[in-house]
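Here's the structure we're looking at; comments come further down.
Just so you know, all these numbers are worked out from the coordinates, no wet-lab data involved. For clarity, every value in this text was computed on a predicted model and none was experimentally measured. No Cβ is skipped: glycine too gets one built from the backbone with ideal geometry, and neighbour counts run over all protein chains shown.
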Amino acid sequence: MFGLTSTNQLIIVVALLFIAFAITLIFVAMKDALEDSRKIKARLAGNWKEESTGTILKQNQAFQNFANHLSMPDEEEITKIRARLSKAGYYGKSAVKTYYAVRILCLVVPQLIFMLNWAIFMPQLEQNLAISISCGLIVAGLLGPPILIRYKMSRRTRQVRNGFPDMMDLMVACIEAGLGMNAALLRVAEEIGNRYPVLKINLDLLNIELRAGRERHIGMLNFANRVNMEEAKALAVMLRQSEEMGSSLGKSLRTFSDEMRNKRMMRAEEKAMALPAKMTVPLIIFIFPAIMAMLLIPAGLRMMEGFA
């Protein structure tokens, strides 16, 4: 068939089956979201009519049976994944579904591309090498999305940690100027947004929770969990203790701000002190061999001339 060997034909068939399977998975994952969107639009347009339960079951029975056989994590695992995604900056309702869809695509799509290229454009490739490449793509597809999530988490946490002392200084200024805590949080979110956008997003979420009626200490704990910082958790505990004991909020915030600034200075000093140790290995690997070559090569040449 088209000048292809039986092995290449089998590879193409398997690749096409993978494509069909991937399309089915994507359709099943997106079907519920599209159905919910259609219902919302119909309700907003005022022409929504409830369909009979029997009709819905008949239309969705095949897809539901297939979806029920998919291996999905339990509620506890979904909660952990959602928390990890929120720390990485993905706050959407469908973030978990999108994450799993991306993981499936990272497994399937590279395999499809490689198998089709192997069958059509690289038929002379050895089978053992092809299997090794395929296994490498599987490992990369499995480990790639979690590594990316961890990288984004660490990057956002680093940005929040750098901006946290500035946020505390602004809060102290707002409180001492006579603003309430909620108004101070709104003002700080507006002022700090251009330099620290990640911190602004989390402050906006905190302000939304407070406007919705959530208690302040619970909202601050949620804020601390989102930014993934021990300093934010300490701030939440300090604010709650200050409210319960009736102490001055401005003085408490100023003391806490000074502590945060001292910690940032200590981290900078630790990095500066660790720099010589980190530079030792590059010096040994790159500079020391060059110096030895400059010293020994001329002497070696003179010795060779003398023996000659």
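In order along segment 222-239, the Karplus-derived 3J(HN,Hα) couplings, from 6.51 cos²θ - 1.76 cosθ + 1.60 at θ = phi - 60°, round to 4, 4, 5, 5, 5, 7, 6, 9, 5, 4, 5, 5, 5, 5, 4, 5, 5, 5 Hz, and Gly and Pro are given as x.
Using 0.36 nm times the number of residues separating Glu244 and His217, minus their current alpha carbon distance, what extension gain do you get? It would help to have the intermediate numbers written out before the result.
Numbers: separation 27, 0.36 × 27 = 9.72 nm, distance 1.09 nm.
Roughly 8.6 nm would be gained on extension.
Starting with the highest mean, order 92-99, 260-267 by the number of other Cβ atoms within 10 Å, averaged over the residues of each peptide. Don't jump to the answer; show the numbers that get you there.
Numbers: 92-99: 15.1, 260-267: 13.6.
In decreasing order of mean packing, 92-99, 260-267 become 92-99, 260-267.
Summing charges over neighbours of Pro197, with a neighbour being any other residue whose Cβ is under 13 Å away from its Cβ, gives +1 when K and R count +1 and D and E count -1.
Charges were assigned to the Cβ only: +1 to each Lys and Arg, -1 to each Asp and Glu. The resulting dipole of segment 136-293 about its Cα centre is roughly 500 debye. Reported to the nearest whole Å, the Cα centre-to-centre distance from segment 235-294 to segment 204-228 is 27. Ordering Phe114, Phe223 from the fewest to the most neighbouring beta carbons within 10 Å gives Phe114, Phe223.
For segment 158-264, compute the orientation-averaged projected area of the C-alpha convex hull (one quarter of its surface), in nm². Dividing the Cα hull surface by four gives the mean projection, 5.9 nm².
Put simply, the amide H of Tyr90, placed in the peptide plane, has no neighbours under 5 Å, leaving out anything fewer than 5 places away on its chain. Look at the Cα gyration tensor of segment 241-299: its axes a ≥ b ≥ c give a/c of at least 1.5 with a/b over b/c, and that counts as prolate.
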